[in-house]
Amino acid sequence: MATDPYHQIKALHDPLVHEVLAHDDWSPWARKRLQEAAEHLLEVMLALAGPECRHCGVNVNLEATGRPRSYCSDACRQAAYRSRLTQRL
Ligand SMILES: [Zn+2]
C-alpha cells in the first residue's frame, strides 16, 4: 500500500467523488460543477501535502501570489489528469 501523501489523499478523494457522482439525480450542470470542484479540491489538497509536482516530482515553487501549485507545468497537469481518467476505468 502506498504511504506517500499523494496516494493517501487520492485513496480518500477518488472513492468519495466516484460515490457522489454515481447518483443519477444530478443535473448535467450540477454534475459538471461537482467534477470541477472535486478536481480543484484535489489539487489544493495535493499542493498542501508537499511542494513536488504531482506528476514528475520536480520541485514546484509557489507563485508570487502564494497560490498553491500541484504541477510544475501545464503539460504535467494535463498528463496527470489523463492518467487519472485512465485509472478510473
Ligand atoms: Zn512536472
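Applying 1/(1 + (r/R0)^6) with R0 = 35 Å to the Cβ-Cβ distance of L48 and D25, what FRET efficiency is obtained, to the nearest 0.05?
0.65
Can you work out ³J(HN,Hα) from phi for every residue in region 79-87, in order, using Karplus 6.51 cos²θ - 1.76 cosθ + 1.60 and θ = phi - 60°, giving whole Hz and x for Gly and Pro?
These are the phi-based 3J(HN,Hα) values: 5, 5, 5, 4, 5, 5, 4, 5, 5 Hz.
Report the Cα-based extents of region 5-88 along its three principal axes, largest first, to the nearest Å.
Principal extents (Cα only, largest first): 41, 26, 21 Å.
Name the long-range amide H neighbours of E52: under 5 Å, sequence gap of 5 or more, or other chain; modelled H, no Pro or chain starts.
Sorted by chain and number, the residues that satisfy this are V60.
What percent do you get for the relative contact order of region 5-88 when only Cα pairs under 8 Å and 6+ apart count?
That works out to 23 percent.
Which of the peptides 21-27, 51-57 is most tightly packed, and how do the rest follow, judged by the mean count of other Cβ atoms within 10 Å per residue?
Order by mean packing, descending: 51-57, 21-27.
Values quoted throughout were computed directly from the atomic coordinates according to the rules given, and no laboratory measurement underlies them. Predicted, not measured: the structure shown is a model, and the values here were computed from it. Cβ coordinates were reconstructed from backbone atoms using ideal geometry, including for glycine residues, and neighbour counts include every protein chain displayed.
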